[in-house]
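First the structure, in the form of structure tokens, and then the observations on it.
The values are calculated or read from the model by the stated rules, or taken from the named source; none is laboratory data. Bear in mind that the values here come from a model prediction, so they are computed numbers and not experimental data. Every residue, glycine among them, receives a Cβ derived from its backbone with ideal geometry; neighbour counts consider all protein chains shown. Side chains included, ligands, DNA and RNA excluded: accessible areas come from the protein's heavy atoms. Shrake-Rupley method; radii C 1.70, N 1.55, O 1.52, S 1.80 Å.
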Amino acid sequence: MMGEEIEVIHSWSAPRSISTSLMYSFAQRDDMEVLDEPLYANFLRVTGVDRPYKEKLRSQMEIDGNEVVKEVIFGAGVKRYRFCKHIAKQRVPSLTDELMKRGKHFILIRNPLDILPSFDEIVPPSFLELGLAELVSIYSELSELGRPPPVIDAADLRENPEAALRGLCEDLDIPFQDSMLRWEAGPKSFDGIWAPWWYKSVHKSTGFAPAKRYPTPFPTSLYDLLEQSLPFYNMLKRHARRSSYYMSSTLPHPSLPVPANEKLLAWVGDEIVPREAAKVSVFDSVVQGGDAVWEGLRVYSGKVFKLEEHLDRLFDSAKALAFSKVPTREEVKEAIFKSLLRNGMFDNAHIRLTLTRGKKVTSGMSPAFNRYGCTLIVLAEWKPPVYDNEKGVMLVTATTRRNSPNNLDSKIHHNNLLNNILAKIEGNNAGADDAVMLDKDGYVSETNATNIFLVKKGRVVTPHADYCLPGITRATVMELVLKEGLALEERRISLSEFHTADEVWTTGTMGELSPVVKIDGRIVGDGRVGAITQRLQNSYKNLAKDSGVPIPTYHKS
């Protein structure tokens with residue numbers, strides 16, 4: 001390979017990211033030569049930043065960055081590969097595009113929690129000195145060129161060096177060599193001029209040392225800089241390789257029921273953010289104690305169905321729980337409409353609307369700690385009805401009983417859903433779609449997620465809303481029953497009456513009107529969707545299509 005063009009491997013990182021150890025690792029290969037920050041002198045020339053070794057560096061290194069790119073980085077060599085260790089901030093605007101277009105690139109990241117405490121030993125830390133924004137820019141630019149670079153996290157490299165290096169070599173399409181796992185202690189001939197200031201600890205190493213199990217306290221003086229830096233690190237971390245090479249214990253990325261929801265936008269607090277950024281504080285009451293109220297709404301043909309009724313119940317629930325500093329009705333509506341418009345969701349969409357008591361000043365149960373006001377969450381998703389409304393669903397009866405008003409009134413539509421979740425677990429274990437829940441006296445209340453109706457000899461019957469949520473879809477269907485000229489009765493219903501019913505269905509915003517064809521192994525009626533169920537399904541469908549609160553500015557095409 002003497003005098004021939006060689007393939008360049010570019011490593012991009014922030015300072016203090018164990019990039020020198022990685023350079024030492026690659027230097028052990030028999031097919032690799034390395035360059036330690038070849039663009040450093042050009043960086044000092046362009047930016048004018050100060051370093052204790054500035055004059056010595058400028059006198060011994062080429063200071064014209066484009067000359068470095070042409071003659072040093074891409075110059076002829078004697079090995080098959082050349083490893084170039086780059087610090088992201090050293091890619092200044094005056095450099096030629098050839099730097100990014102040629103060679104193979106990868107990005108090494110490290111959590112700013114680990115970088116910042118050791119950074120100011122030589123240079124006071126700052127956002128510009130870290131260069132994390134530039135690291136994100138490098139990733140974006142390479143992606144736009146159709147060459148998204150592999151991303152490796154220093155934590156994974158230190159935890160399992162061989163697995164991480166094998167994965168990186170695979171991504172770079174070069175063979176792994178065992179020699180990469182160890183090196184001799186002491187300075188190296190290819191170390192940069194700055195090595196005596198920065199490389200003292202790595203010179204004592206002979207391989208990738210595992211991280212300390214318990215870290216030292218993080219300096220509070222660096223807290224603001226940490227807040228600025230973490231979003232950029234987290235942005236890149238989402239692209240880090242997640243395979244058996246790097247993190248064998250990591251669960252695989254799950255598929256979504258509706259793939260389009262991967263790119264949704266959600267309203268949290270007072271802003272709309274991407275899905276992965278849609279988070280609430282660990283001090284929020286919904287985290288501290290499930291202290292929140294919620295509603296489920298559906299969107300049909302550019303209109304929000306039963307919006308006013310849902311908002312009535314939301315504010316009633318918030319009042320019952322003594323929430324303070326509650327947003328106004330118009331503010332909640334505006335958040336809903338903006339969320340739908342931003343997502344372009346005008347049909348076949350579902351909204352999970354949540355209002356929490358808000359963030360606390362310290363952890364604890366008392367609402368006296370809630371001094372920030374409520375937190376509003378609007379989660380709009382593409383979501384067809386969650387049950388099979390054509391063939392029907394199967395139910396089993398849960399041993400978990402529905403809450404009594406003696407304990408927690410189900411007329412408050414609260415987020416304390418463990419009672420329902422326990423019943424749902426029983427349903428899941430039985431292979432059923434949902435679980436029937438009984439009240440304290442053994443009468444049917446509802447299912448874990450929906451209200452429930454039966455038909456016997458032409459009469460429609462549904463349980464009193466004493467132990468169940470008086471659902472808005474339930475109320476709507478009850479009105480439709482009367483409009484269809486059918487007899488309606490609201491009373492206590494025993495489980496055996498459901499077992500022997502002619503027809504059964506459930507109601508809820510998430511699933512609309514869902515036929516039940518089997519309960520506890522008993523076939524309901526003839527096991528098919530009944531005539532009355534079908535009539536009411538059609539009536540509900542027509543009502544939903546023709547009514548609702550229009551989404552502002554939406555025009556049906």
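Brief remarks follow.
- For segment 416-444 versus segment 449-475, the inter-centroid distance based on Cα atoms is 16 Å.
- Start at zero, step by 5 Å, and the Cα-Cα distances of segment 393-545 spread as 2, 10, 21, 24, 22, 13, 7, 1 percent across the bins.
- Span from the segment 327-385 Cα centroid across to the segment 492-529 one, whole angstrom: 33
- Anisotropy class of segment 152-272 from Cα gyration tensor, a/c 1.5 cut: oblate
- In order through segment 374-388: 3J(HN,Hα) via Karplus (6.51 cos²θ - 1.76 cosθ + 1.60), integer Hz, x for Gly, Pro: 6, 10, 9, 10, 10, 10, 9, 9, 6, 7, x, x, 7, 10, 7
- Beta bridge orientation in the chain: antiparallel %, DSSP, nearest 5: 60
- Using just its DSSP H runs of length 4 or more, each adding -39500 (n - 2.57), the chain gives a mean residue ellipticity at 222 nm of -9000 deg cm²/dmol after division by all residues.
- Accessible heavy-atom area order of 197, 267, 183, highest first, probe of 1.4 Å: 197, 267, 183
- Pairs from the table (56/85; 333/518; 263/333) lying more than 29 angstrom apart at Cα are 333/518.
- For segment 267-274, 3J(HN,Hα) per residue [Karplus equation, 6.51 cos²θ - 1.76 cosθ + 1.60, θ = phi - 60°, Hz, x = Gly/Pro]: 8, 9, x, 9, 8, 9, 9, x
- Taking all Cα pairs closer than 8 Å and separated by 6 or more residues, the relative contact order of the chain comes to 11 percent.
- Net charge dipole size for the chain [Lys, Arg +1 and Asp, Glu -1 on Cβ; Debye, nearest 20]: 840
- Loop-located trypsin sites (Lys or Arg not before Pro) in segment 35-92, at most 15 other Cβ atoms within 10 Å (DSSP): 80
- Members of 70/188; 338/411; 306/541; 303/325; 237/359 lying beyond 22 Å, as alpha-carbon distances in this model show: 70/188; 338/411; 303/325; 237/359
- For the chain, accessible area per residue (1.4 Å probe, heavy atoms of protein chains only), Å²: 48
- Rh (Kirkwood; distinct C-alpha pairs) - segment 1-119, Å: 15.0
- For the set 424, 360, 101, 391, the ranking by accessible area, highest first and with no ligand, DNA or RNA atoms included, is 391, 101, 424, 360 under a 1.4 Å probe.
- The relative contact order of segment 411-453 comes to 27 percent, based on Cα pairs under 8 Å that sit 6 or more residues apart.
- Shape class of segment 7-238 from the alpha-carbon gyration tensor: rounded, with the ratio a/c of largest to smallest axis under 1.5.
- Computed with the Debye formula from one identical point scatterer per Cα of the chain, without solvent, the log10 of I(q)/I(0) at q = 0.06 Å⁻¹ comes to -0.47.
- Between segment 134-176 and segment 36-67, the alpha-carbon centres lie 27 Å apart.
- The chain - percent of accessible surface contributed by carbon and sulfur, probe 1.4 Å: 52
- A DSSP coil position with no more than 16 other Cβ atoms inside 10 Å describes the following trypsin sites (Lys or Arg not before Pro) in segment 431-488: 440, 457.
- Dmax and Rg, reported as Rg then Dmax, of segment 259-382 (C-alpha, Å): 14.4, 44
- Pairwise FRET efficiency - residue 301 versus residue 371, Cβ, R0 = 51 Å, nearest 0.05: 0.75
- The angle between the Cα long axis of helix 418-429 and the main principal axis of the chain comes to about 90°, on a 0 to 90 degree scale.
- Relative contact order of segment 481-527, pairs being alpha-carbon contacts under 8 Å that are 6 or more residues apart, as %: 29
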